[in-house]
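The values are calculated or read from the model by the stated rules, or taken from the named source; none is laboratory data. Remember, it's a predicted structure, so these values are computed and weren't measured experimentally. Here the Cβ is made from the backbone with ideal geometry for all residues, glycine too, and neighbour counts use every protein chain on show. These accessible areas exclude ligands, DNA and RNA; they are computed on the full protein's heavy atoms, side chains included. Shrake-Rupley method; radii C 1.70, N 1.55, O 1.52, S 1.80 Å.
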Amino acid sequence: MAESIQVGDKVGIYLDAKFGEKEGWYEGVVFKIDPYSEHRSFYWVELNESAQAVLGIKHISVFNPKNIKPLG
């Protein structure tokens, strides 16, 4: 699913159990895509204000395609 994501797309990103109590889905907008290989990329996401408040960061990169999904 991640291969259909483009710069400017609104996305949901999943932070897993290694983030402890902050585990869950957060929303943001893709602002950069760095190709890693023919089939994978790093998706750079600017988090929305509520996610920034919870996580204490503005930008995050997502590599695992299972942890990013486009939002309508």
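Computed from the Cβ-Cβ distance with R0 of 22 Å, the FRET efficiency linking Asp34 to Lys58 stands at 0.80.
Accessible area per residue, 1.4 Å probe, Å², for the chain: what's the number? Walk me through the numbers before you get to the answer.
Details: 4820 Å² over 72 residues.
Per residue, the chain has 67 Å² of solvent-accessible surface.
Each helix, a run of at least 4 DSSP H residues, gives -39500 (n - 2.57); summed and divided by the residues of the chain, these come to -2500 deg cm²/dmol at 222 nm.
What percent do you get for the relative contact order of the chain when only Cα pairs under 8 Å and 6+ apart count? Contact order relative to length: 35 percent. Surface composition of the chain: carbon plus sulfur atoms contribute 51% of the solvent-accessible area (1.4 Å probe, protein chains only, all chains present).
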